[in-house]
Amino acid sequence: MKTSLILTTILAFAAMNTLFAQQTDNQRIPTKGFAVHEAHGHFQPYEFTRHAVGDNDIQIEILYAGICHSDLHHVFADWGAEEYPMVPGHEIAGRVVAVGKNVTKFKVGDYAGIGCMIGSCRQCDACKHDLEQYCEEGAVMTYHGIDRFNDNEHTQGGYSTAYVVAEDFAIKIPENAEIEKVAPLLCAGITSYSPLMQAGVKKGDKVGIAGFGGLGHMGLQYAVSLGADVTVFDITDDKRDDALRMGATRYVNVNNPEEMKGLERQFDFILSTIPAKYEPVQYLKMLKLDGQLGIVGLPAFRNMPSLTVAELVFQGPRHVFGSQIGGIKETQEMLDYSVAHGIYPQVEIIRADGAEIDKAYQNVLDGKVKFRYVIDMSTM
Ligand SMILES: [Zn+2]
Ligand SMILES: [Zn+2]
């Protein structure tokens, strides 16, 4: 009798556990997206689940996802080994469809965005200074990351229908924003905005934008809005008209020696967004003596440019600094500033379709994109 009671209790407990596990599983968020299953693979429909909406989380129905050049680097394993299947995408704009019980920043129906990171320790020096991207324990990346705050889940990105994120790492998108153009601001926008702020660019400054792609065309617009006199550098003539239309005073084709004359010691600040091999010292020499070179472009490891100590010594008090996206607080500032000033990327909207994404990647590789592809996830 006693044995059977214990057995019954154990069985009841096991059944409860199974029930609990099922409930937890049921609360996971079914998500459809597009993944590559190997480096250089094609995009294919892929179904997976995201963790349940926790007390401090929001669930976003993704409306638009930008295609960033770094998505290509991850898909191609240009920056080291990657895990597959991989759903890329860290430029995400959508609608809040569920909120946890402690959430105060969002309500259901609001627009919300996600950029490159979705978590950090919140305790270290970097986190306390609103620089979560440099978290001493590592920021959790929106995809190709391990989410140590959610059972070490392998993170998957925004080429998908839904995302669950802590409200602190979601960005509020103003209701009057041009929502189909917002997604690229969450990476291309903040990555070019932050170094302009760090350099203290102001009215009348001479600014150079090296590399006129997704990042460069945002950097140009921010620099112009700050009142700077902006020169754009790129390797072809194809984008000259676009640069002048967006407010550049000069466009330089760096492959034309005539156009490269007379540029030494001219600039207060140059932003390098170049994603390929180049000579950084060429741009250092264009700076005034106390000028600054901010570097945000990150080429593939095999094409990584370098600066020698000798070059730095000979360039004297010119400053070089690197910059990686921006913290959450600055990302919110950037987004509010962009919407208030009508600064948006120039986008080409594509359907949520594997072959369309493959084609867009090829065009980015061939330098044919003007200037950002955005996937309309509502067409999935
Ligand atoms: Zn990016
Ligand atoms: Zn930290």
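The values are calculated or read from the model by the stated rules, or taken from the named source; none is laboratory data. A quick note: this is a predicted structure, and the numbers were derived from the prediction, not measured. Neighbour counts run over all protein chains shown; Cβ positions are idealised from the backbone, glycine included. Quick note on the areas: whole protein, heavy atoms, side chains included, nothing else; ligands and nucleic acids left out. Shrake-Rupley method; radii C 1.70, N 1.55, O 1.52, S 1.80 Å.
Which lysines have a Cα less than 20 Å from the Cα of LYS203, not counting those fewer than 8 places away in the same chain?
Candidates past the 8-residue exclusion: LYS288.
Could you give the accessible area per residue of the stretch 103-172, probe 1.4 Å, as a whole number in Å²?
Heavy-atom accessible area per residue stands at 42 Å².
Mean residue ellipticity at 222 nm from the helices of the chain, using -39,500 (n - 2.57) per DSSP H segment of n ≥ 4 over the full residue count, to the nearest 500 deg cm²/dmol?
Numbers: 10 runs with 103 residues, N = 380.
That comes out to -8000 deg cm²/dmol.
Hey, can you grab everything whose amide H is under 5 Å from the amide H of GLY291? Only 5+ residues off in sequence or another chain; H modelled, so Pro and N-termini drop out.
Result for GLY291 returns HIS319.
SER323's amide H: which non-local residues (gap 5+, or another chain) put their own amide H closer than 5 Å, with H modeled 1.01 Å from N in plane and none for Pro or chain starts?
Correct list: ILE295.
Less than 22 Å apart at the alpha-carbon level, and either on another chain or at least 8 residues along: which lysines does that give for LYS128?
Correct list for LYS128: LYS105, LYS172, LYS329.
Filter the GluC sites (Glu not before Pro) in the stretch 99-196 to those in DSSP coil with at most 14 other Cβ atoms within 10 Å of their Cβ, and list the result. Provide the component values of the computation, followed by the final result.
Numbers: sites: GLU132, GLU136, GLU137, GLU153, GLU167, GLU175, GLU178, GLU180; in loops: GLU136, GLU137, GLU175, GLU178.
Answer by residue number: GLU136, GLU137, GLU175, GLU178.
Calculate log10 I(q)/I(0) of the stretch 233-340 for q = 0.19 Å⁻¹, where I(q) comes from the Debye formula with a single equal point scatterer on each Cα and nothing for solvent.
-1.19
Note down the net charge around GLU264, summing +1 for each Lys or Arg and -1 for each Asp or Glu among other residues with Cβ under 11 Å from its Cβ.
Local net charge: +4.
State in Å² the accessible area per residue of the stretch 239-376; use a 1.4 Å probe, count heavy atoms of protein chains only, and round to the nearest integer.
Values: 6780 Å² over 138 residues.
That works out to 49 Å² per residue.
In the chain, carbon and sulfur make up what percent of the accessible area (probe 1.4 Å)? Intermediate results must be reported in sequence, preceding the final value.
Working: 9410 of 17480 Å².
Carbon plus sulfur share of accessible area: 54 percent.
If the reach is capped at under 16 angstrom between alpha carbons, list the aspartates and glutamates near LYS32, excluding any in the same chain fewer than eight residues apart.
Of all the aspartates and glutamates, those that pass the test against LYS32 - Cα under 16 Å, at least 8 places apart if same chain - are GLU47, GLU61, ASP353, ASP376.
Please go through the stretch 329-380 and write out the trypsin sites (Lys or Arg not before Pro) that DSSP classes as loop and that have at most 12 other C-beta atoms within 10 Å.
Details: sites: LYS329, ARG351, LYS359, LYS368, LYS370, ARG372; in loops: LYS368, LYS370.
Sparse-neighbourhood loop trypsin sites (Lys or Arg not before Pro): LYS368.
What is the sum of charges around VAL108, taking Lys and Arg as +1, Asp and Glu as -1, for the other residues whose C-beta is under 12 Å from the C-beta of VAL108?
Numbers: positive: ARG95, LYS107; negative: GLU61, ASP110.
Local net charge: 0.
Would you mind getting the Kirkwood hydrodynamic radius of the chain from its Cα pairs, rounded to one decimal in Å?
Working: mean 1/r = 0.0454 Å⁻¹.
Kirkwood radius, the chain: 22.0 Å.
Would you look at the GNM of the chain, springs on alpha carbons closer than 10 Å, and say which of ASP353, ASP151, ASP71 moves the most?
ASP151
Choose one answer from VAL252, VAL281, VAL232: the residue with the largest mean-square fluctuation in a GNM of the chain with alpha-carbon springs under 10 Å.
VAL281
Would you please name the GluC sites (Glu not before Pro) within the stretch 64-114 that are DSSP coil residues with at most 14 other C-beta atoms within 10 Å of their C-beta?
The qualifying sites are GLU83.
Out of residues 5 or more away from VAL140 or on other chains, whose amide H comes under 5 Å of its own, with H placed 1.01 Å from N in the peptide plane?
ILE118, GLY119, SER120
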